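The values are calculated or read from the model by the stated rules, or taken from the named source; none is laboratory data. What you see is a predicted model, and the numbers here were worked out from it, not measured in a lab. Reconstructed Cβ throughout: ideal geometry from the backbone, glycine too, with neighbour counts over all protein chains shown. Ligands, DNA and RNA are stripped out before the accessible areas are found, and what is left, the full protein with its side chains, is counted by its heavy atoms. Shrake-Rupley method; radii C 1.70, N 1.55, O 1.52, S 1.80 Å.
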Amino acid sequence: MEYFIQQLINGISVGSIYALIALGYTMVYGIIKLINFAHGDVFMVGSFIGLYSAKYLANAGMPPIVVLLLSLIISMTISALLGITIERLAYKPLRKSTRIAALITAIGVSFLLEYTGVLILGPQAKGFPDIMDKKQYHLFGSSIQVESNQIMILLTTIILMLVLQYIVRYTKTGKAMRAVSFDVEAARLMGINVDRTISATFAIGSALAAAAGVIFGMTYNSVDPLMGVMPGLKAFVAAVLGGIGSIPGALVGGLLLGTVETEISSLGFSSWRDGVAFAVLILILIFKPSGLFGKNVREKV
Amino acid sequence: MKKINKKFWLGILIALAFYGIVKVLLTTGVLSDVNQSMLLLIGVNIMLAVSLNLITGITGQFSIGHAGFMSVGAYTSAILTLDYNVPFIPAILAGGLLAAVFGVLIGMPTLRLNGDYLAIATLGFGEIIRIIMLNTEFVGGASGLSGIPAKTTWTMLFFFTLISVVLINNFIRSTHGRACIAIRENEIAAEAMGINTTRYKIIAFTIGALFAGMAGGLSAHTFYVITPGSFNFLKSFEIIVMVVLGGLGSTAGSIVGAVFVTLLYTYLREFPEWRMIIYSIVLILMMIFRPSGLLGVSKFSFGKFGKKEAKANDTIESSGTP
């Protein structure tokens, strides 16, 4: 039982990384119905920016907590700009064209980011500096361990989710985003600047992916230019699992996927992990075709 | 009708002439080994692209799991020739048939899904097949199978490719093919017109899988080695890219796309650091400036149809994509 709970805790910390990336997928998909395959690579870029800024700041002799916060902020800001740039250059010209064309472009952007990364940074994995000392706590005096890293991950995820909820619910941009995702044409008629709203969506999504990238680097201590492929795919699965377009769905999907994966690995089937993740996805889609939290939209004739 | 038949046979004749020329070049040794393996690769890719075009371009079912079908065919035929000494042609056909069975299996449960949900489910199925291969010792696990006899010759490949292109293209032009196009254009309307959409979607998936499986078998017998890693979702993407670059819904386009992508891949091999970067930039620019693909919606008919029909097709196909 204790072992199970231990794995649950580990699963939640993996799951929150998936959830943070999944939010970007879900928001972009909710607004322009595009599977943004480049999103996993924005996560990678975010991780590398985090790595270099953390190294620089640590060398400058800043205290760990400041290093963490500053590198998070720097990484999120630059990645947000990257997200906007990608949207403007690659996706905006295709807004009127078919969805498969947009999808191929997204795949192209994904390759471009990955292999530019390989060209500039080299294909080898790089070590991520230890920003904070890793401490271990025992839960209620039992043998269940919680690492300080895991607490930090969960805290970051919760704070970012709350900020996101606030932005989407109460700010003008958030209201515009919801309006655009509901009906682009109607939103435009009501005077909403659709282009700016889409840019904002990309910015927020990319910033969250960058935060996930920094957290990922801190957890696994190793980053490389192709590292975004699998987490990106998994996060997309998580988004679909929860019902793409739904923010709570992305959170639940990410946590669910992370937990299932960790439990499978802990049972000794780690090489089946990815397979099980996709099997769960297919099962849920077959019984609930629009995901756990998705609205079942009936097509009108 | 007579006119179309004439054009059809003319096309076959041109293809056979091409076969003859290449055969002469190969026997006289004008074409190097590199060029020969590129030719074989082009043939395999044409089969893959044309069969995916039936699923995605014609029936409008977005599938990112084509490499999965390919791997089923590749592994089946390789095991048959390696371990059971089955002759080449039956082994390839068996690979195709087993892939077709998988096509039915995947088609049935996922038919409730559409659009992007279907895409992600097929991607999942492709990955599950890969992971099963990866964890099965019987098929070599992560290191895959090696020492597969290189039995795919130019003659074999040419006739397999020609037959699959002709069969798929005839299917597209038949009543059943029209039904598939109707599903792509508007599923609800097609259903209302009495088309059994479920049946046609399964048919499309099955035929597509059949030929993808055969292509997999042919490629396994060209390159000696198959590993689970060579059939991952990036391979599926590559096939989609061929279909879309050539022109979604056009058989000729798929052929052109397959040739174009294979040549691009092969010649960029000289610049390994820049290869994928150039490839991705070509991809993005193509989609921005010519999203309908190299050939757009032109039909594969070895010539033009009657003017009236061509016009009607244009209006339909310009709007239709998943």
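Observations
- Here the condition is being within 11 Å of another protein chain (Cβ to nearest Cβ) and more than 17 Å from B:F125 (Cα to Cα); of A:S266, A:S271, A:S290, it holds for A:S290 alone.
- So A:F236, is it of a type in the set (F, W, Y) and within 14 Å of another protein chain (Cβ to nearest Cβ): yes
- Every residue from segment B:265-277 that is loosely packed, with under 15 Cβ neighbours inside 10 Å and assigned to a helix (DSSP H, G or I): B:Y267, B:P272, B:E273, B:W274
Condition check ((1) β-branched (V, I, T); (2) in contact (Cβ under 8 Å) with a residue 60 or more places away in the chain) across all residues:
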residue: A:V42; (1), (2): yes, yes
residue: A:V45; (1), (2): yes, yes
residue: A:L51; (1), (2): no, yes
residue: A:N59; (1), (2): no, no
residue: A:P63; (1), (2): no, no
residue: A:I74; (1), (2): yes, no
residue: A:A80; (1), (2): no, yes
residue: A:T85; (1), (2): yes, no
residue: A:R95; (1), (2): no, yes
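- Candidate set from segment B:182-209 (those that are more than 14 Å from chain A (Cβ to nearest Cβ) and more than 30 Å from B:V44 (Cα to Cα)); member that is surrounded by the fewest Cβ atoms within 10 Å (Cβ to Cβ): B:G194
- Residue ID - most open to solvent (accessible area, probe 1.4 Å), chosen from residues in segment B:106-132 that are at the interface with chain A (Cβ under 7 Å from one of its Cβ atoms) and more than 13 Å from A:F278 (Cα to Cα): B:R112
- B:I195 in contact with a helix residue (DSSP H, G or I) (Cβ under 6 Å, 6 or more places away or on another chain) and touching a residue at least 12 places away in the same chain (Cβ under 8 Å): yes
- Test: residue in segment A:18-28 that is farther than 25 Å from A:A125 by Cβ and open to solvent by 30 Å² or more (accessible area, probe 1.4 Å): no
- Set B:G253, B:G249: member being under 27 Å from B:A209 (Cβ atoms), in contact with an Asp or Glu (Cβ under 6 Å, 6 or more places away or on another chain) and of a type outside the set (D, E): B:G249
- Of the set (1) away from chain A (no Cβ under 14 Å); (2) touching a residue at least 40 places away in the same chain (Cβ under 8 Å), all apply to B:N53 but (1).
- Residues of segment A:91-105 that turn out to be facing chain B (nearest Cβ under 7 Å) and either open to solvent by less than 10 Å² (accessible area, probe 1.4 Å) or in contact with a Phe, Trp or Tyr (Cβ under 6 Å, 6 or more places away or on another chain) (or both), as a count: 5
- Candidates B:L118, B:L97, B:L105, B:L93 - the one that is among the aliphatic types (A, V, I, L, M), free of Cβ contacts under 8 Å to residues at least 12 places away in the same chain and either part of a helix (DSSP H, G or I) or farther than 18 Å from B:I240 by Cα (or both): B:L105
- Residues being part of a loop (DSSP other than H, G, I, E, B), out of contact with any strand residue (DSSP E or B) (no Cβ under 7 Å at 6 or more places or on another chain) and either open to solvent by less than 30 Å² (accessible area, probe 1.4 Å) or not acidic (D, E) (or both) - total across segment A:106-134: 6
- Under the condition of being polar (S, T, N, Q), part of a helix (DSSP H, G or I) and farther than 17 Å from B:N169 by Cα, the residues counted in segment B:3-33 number 2.
- Taking the listed residues A:G61, A:G40, the one that is within 14 Å of chain B (Cβ to nearest Cβ) and either crowded, with 24+ Cβ neighbours inside 10 Å or not in a helix (DSSP H, G or I) (or both) is A:G40, with no other qualifying.
- Some residue of segment A:215-225 being open to solvent by 60 Å² or more (accessible area, probe 1.4 Å), under 19 Å from A:G15 (Cβ atoms) and outside any loop (DSSP other than H, G, I, E, B): yes
- Residues located in segment A:265-279, provided they are part of a helix (DSSP H, G or I) and surrounded by fewer than 22 Cβ atoms within 10 Å (Cβ to Cβ): A:S265, A:S266, A:S270, A:S271, A:W272, A:R273, A:D274, A:G275, A:V276, A:A279
- Here A:K126 passes the criteria (1) over 29 Å from A:G249 (Cβ atoms); (2) modelled with pLDDT of 90 or more except the one numbered (2).
- Selection status of B:F233, more than 12 Å from the chain's Cα centre (by Cα), within 14 Å of another protein chain (Cβ to nearest Cβ) and of a type in the set (F, W, Y): yes
- Residue among A:F269, A:F202, A:F236, A:F278 that alone is modelled with pLDDT of 90 or more and of a type in the set (F, W, Y): A:F202
- Residue in segment B:136-144 that is within 14 Å of chain A (Cβ to nearest Cβ), acidic (D, E) and open to solvent by 30 Å² or more (accessible area, probe 1.4 Å) present: yes
- When each of A:S79, A:S13 is tested for being under 26 Å from A:D195 (Cβ atoms) and either in contact with a strand residue (DSSP E or B) (Cβ under 9 Å, 6 or more places away or on another chain) or of a type in the set (G, A, S) (or both), the lone residue that passes is A:S79.
- Here A:D195 meets each of (1) under 20 Å from A:S110 (Cβ atoms); (2) open to solvent by 40 Å² or more (accessible area, probe 1.4 Å); (3) in a helix (DSSP H, G or I) with one exception, condition (1).
- So A:F128, is it within 24 Å of the chain's Cα centre (by Cα) and within 12 Å of chain B (Cβ to nearest Cβ): no
- Residues that are farther than 15 Å from B:R290 by Cα and not β-branched (V, I, T) were ranked within segment B:236-248; the one that is nearest to the other protein chains (Cβ to nearest Cβ) is B:F237.
- Sub-8 Å Cβ pairs linking a first residue in segment A:7-34 that is within 14 Å of chain B (Cβ to nearest Cβ) to a second residue that is acidic (D, E) and in a helix (DSSP H, G or I), at least 6 apart or interchain, are A:Y29/B:D116; A:K33/B:D116, ordered by first then second residue.
- Number of the condition not met by A:S222 [criteria: (1) under 25 Å from A:A250 (Cα atoms); (2) touching a Gly at 6+ places or on another chain (Cβ under 9 Å)]: (1)
- Of the set (1) within 25 Å of A:K126 (Cβ to Cβ); (2) open to solvent by less than 60 Å² (accessible area, probe 1.4 Å), all apply to A:L69 but (2).
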